[in-house]
Amino acid sequence: MFALRGIAVSLTFFVLVYCLLSALVAVAWRSLRWLHARGKRLAGLLFALRVLPLAASIVVTFTFVVPSFQLLEPRSMDIDEGMGAVPLALGIFALLLIAWGCFRVITAQTKTSRVVARWLEGARPVAVEAGAQTVTFCSRSEAPPLTLVGVRKPRVLVSKSTVALLSQDELQIALRHEIAHMQSRDNLKKLIFRFCPFPGMAKLESAWSQAAELAADDSAVSNLDDAVDLAAALVKLSRLIPVEAAPVCTVGFVTGSIRARVARLLAWDEAGKAQPTRVRPWYVVPPVLAVLLCVLATYGPALALTHDVTEWLVR
Amino acid sequence: MTKAFSIFGSGSRPQLGPFEQQLLQELWSQGSATVRELLADGRIHQAYTTVMTTVDRLYKKGLLDRVVEGRAFRYTPRHSPEELQRVTALESIRQLLGSGDASLLPLSYLVEALSTHDAQLLDELQLLVEQKRRELRESKGRDSEARGSR
């Protein structure tokens, strides 16, 4: 009973923190002024915001709830508090939420594997300059023009029509764009989004998707010639109509607002790219240390408070 | 999404009657509604049973979802107007490819097969790209001339 109560209480805290933070993020993400960041940094921030509720609920559960229950809950057989209706109901809800997330991930993976296996019939690897081992040429007509598939072993699929339409330079830069998605593990990020569903998150995910495209454009392009080649490839491949909707674990080349991406590429600022913003990780060290010290200093009272809330929930 | 394909006949336009389209528009504007709520705002001048039969037909065509609410159903559009448009476009291409051996279709069948609006936008973007390319070539030419004259 003790263990069951502990699990129920932990799941209750998990689901409460998750739902509260998710609701907060879904409502407030657009009003955050610092989202005026650009490119890779913006994509990173949006991803962090999207997964914040899940990450925070896991951290809170394992840092405060589980230890407070282990240390402060009496184990005596004489005291049988019961599980409490609220922890039981919320615990079941949390389990259902986790099961739903797992189901969504498995479905997405299965569907993607099935579709990609069909695209890959008769496919062969291509030796090109940009990531030779990861590029596959697809001859089937329903294969998308240019897309990144897979999570564990990602690879870029190039269709017959793409090779026919693009010049050598355009193809190279378009491949570099997809390889940038691969390096950012964007398919894995999409799968994580599937695991933590919450109403009202679709717009945040869509904003992340657009930011990820711009970030991949930035990573692929190193000068104005590249930018124009990438814009040309984008316009050319936009003229190809996808034969079927792309499954979840894929990142297509023609994604997001084409007009915005082309306009941004044509206004490429070589000076801006040549002097990338310096990342100074040591700036993060003092705030992280301060937070850690605060947590350490207040850990005992925080555990006691968590236990009080637990008692209140159970009774 | 596949269930929505049942609304397509041999053509690329969804086969919806005027009253079905009117009800779909109403549901898009209201978000979700019961038959009684659809009739309540006074824009639909049909009998309750007619509206009920028509929304049931839209449900069976895969365009609406429904949940029981009291003794009636609450209907919600399954797709946004944009999604429905996208499905329509995809289905017309699928029908084109399904009409014969898809692998034998020349590339030109697929290229330029977008809607007029999108094609126009892409034409404009292509012009901008070509203009930028010309500018780049000219500036490079000027640079190499300047270096040559030095």
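Every read-out reported here was derived from the displayed coordinates using simple, explicitly stated rules and does not represent laboratory data. Nothing here was measured: the structure is a model prediction, and the numbers come from that model. With ideal geometry, Cβ positions are generated from the backbone for all residues, glycine too; neighbour counts draw on all protein chains shown.
Would you pull out the residues with amide H under 5 Å of A:Gly252's amide H, same chain only if 5 or more places away, H placed 1.01 Å from N?
A:Leu148
Given a Förster radius of 30 Å and the C-beta distance between B:Arg86 and A:Ile106 as r, what FRET efficiency does 1/(1 + (r/R0)^6) yield to the nearest 0.05? Kindly include the intermediate steps, with their values, before the conclusion.
Details: r = 26 Å, r/R0 = 0.87.
It comes to 0.70.
Where in chain A are the helices, taken as whole DSSP H runs, whose Cα atoms extend 24 angstrom or more along the long axis and whose Kyte-Doolittle mean reaches at least 1.0?
Details: long enough: A:2-28 (39 Å, 2.21); A:39-60 (31 Å, 1.54); A:85-119 (51 Å, 1.15); A:202-220 (27 Å, -0.24).
Passing helices, by number: A:2-28, A:39-60, A:85-119.
So between A:Leu72 and A:Leu20, what do we pick up on full extension, going 0.36 nm a residue minus the alpha carbon distance? Don't jump to the answer; show the numbers that get you there.
Working: separation 52, 0.36 × 52 = 18.72 nm, distance 2.55 nm.
Fully extending the segment from A:Leu72 to A:Leu20 adds 16.2 nm.
What is the extension gain from A:Arg152 to A:Ala202, computed as 0.36 nm multiplied by their sequence separation minus the C-alpha to C-alpha distance, in nm to one decimal? Could the numbers behind the result be given before it?
Working: separation 50, 0.36 × 50 = 18.00 nm, distance 2.46 nm.
Difference between extended and current length: 15.5 nm.
I need B:Thr76, A:Thr136, A:Thr110 ordered by Cβ neighbour count within 10 Å, fewest first.
Numbers: B:Thr76 15, A:Thr136 18, A:Thr110 11.
With the sparsest Cβ surroundings first, the list reads A:Thr110, B:Thr76, A:Thr136.
Given a Förster distance of 22 angstrom, what is the FRET efficiency for A:Val295 paired with A:Ala48, based on the Cβ-Cβ distance and rounded to 0.05? Could you put the intermediate results ahead of the total?
Numbers: r = 20 Å, r/R0 = 0.89.
Taking R0 as 22 Å, the efficiency between A:Val295 and A:Ala48 is 0.65.
Within the set of other residues whose C-beta is less than 10 Å from the C-beta of A:Ala108, count the net charge using Lys and Arg as +1 and Asp and Glu as -1. Kindly include the intermediate steps, with their values, before the conclusion.
Details: positive: A:Arg104, A:Lys111, A:Lys190, A:Arg194; negative: none.
Once positives and negatives cancel, what remains is +4.
Students often forget the sequence filter, so: which lysines lie under 26 Å Cα-Cα from B:Lys140 once same-chain residues fewer than 8 apart are removed?
A:Lys236, A:Lys273, B:Lys132
Order these by the 10 Å Cβ neighbour count, fewest first: A:Cys102, A:Cys196. Working shown, then result.
On the way: A:Cys102 12, A:Cys196 21.
Ranking A:Cys102, A:Cys196 by Cβ neighbours within 10 Å, fewest first, gives A:Cys102, A:Cys196.
Leaving out same-chain residues fewer than 8 places away, which lysines sit with a Cα under 16 Å from that of B:Lys61?
Partners within reach: B:Lys3.
Where in region A:139-188 are there trypsin sites (Lys or Arg not before Pro) that are in a DSSP coil and have at most 14 other Cβ atoms within 10 angstrom of their Cβ?
Working: sites: A:Arg140, A:Arg152, A:Arg155, A:Lys160, A:Arg176, A:Arg185; in loops: A:Arg140, A:Arg152, A:Arg185.
Answer by residue number: A:Arg152, A:Arg185.
Starting from the 7 Å offset along Cα-to-Cβ, what nm value, one decimal, do you get for the label separation of A:Asp269 and B:Asp65?
With each label placed 7 Å out from Cα toward Cβ, I get 4.3 nm.
B:Arg137 versus A:Arg185, label points 7 Å from Cα toward the beta carbon: distance in nm?
Once both label points are built, they end up 4.5 nm from each other.
Just rank A:Ser167, A:Ser57, fewest to most, by other beta-carbon atoms within 10 angstrom.
Working: A:Ser167 12, A:Ser57 23.
Placing the least packed residue first, the sequence is A:Ser167, A:Ser57.
Under the 0.36 nm per residue contour assumption, what length would be gained going from the current alpha-carbon distance of A:Leu95 and A:Gln168 to full extension? Present the calculation step by step, with values, prior to reporting the outcome.
Values: separation 73, 0.36 × 73 = 26.28 nm, distance 5.15 nm.
Difference between extended and current length: 21.1 nm.
What do the square roots of 5 times the Cα gyration tensor eigenvalues come to for chain A, in whole Å, largest first, as semi-axes of the equivalent ellipsoid? Working shown, then result.
Numbers: eigenvalues 419, 115, 45 Å².
Computed over chain A, the values are 46, 24, 15 Å.
In deg cm²/dmol, rounded to 500, what helix-only [θ] at 222 nm does chain A give when every DSSP H run of at least 4 residues adds -39500 (n - 2.57) and the total is split over its residues? Walk me through the numbers on the way to the answer.
Details: 13 runs with 200 residues, N = 315.
Counting only the DSSP helices, I get -21000 deg cm²/dmol.
Among A:Ala3, A:Val156, A:Gly84, whose Cα lies farthest out toward the positive end of the dipole of chain A, if unit charges sit on the beta carbon of Lys, Arg (+1) and Asp, Glu (-1)?
After comparing all options, I get A:Val156.
Quick one: which residues, 5+ away or cross-chain, put their amide H under 5 Å from the amide H of A:Val135? H built at 1.01 Å from N.
A:Val126, A:Val156
Under 14 Å from a point 7 Å along the Cα-to-Cβ line of B:Glu37: which residues of region B:53-77 have their amide N that close?
So the set is B:65-77.
Quick one: if the Förster radius is 22 Å, what FRET efficiency do B:Tyr48 and B:Arg74 give, using the C-beta to C-beta distance and rounding to 0.05? Intermediate values should be presented prior to the final figure.
Numbers: r = 15 Å, r/R0 = 0.70.
In this case the efficiency is close to 0.90.
Based on alpha-carbon centroids, what's the gap between region A:121-192 and region A:1-60 in Å, whole number please?
So the two Cα centres are separated by 33 Å.
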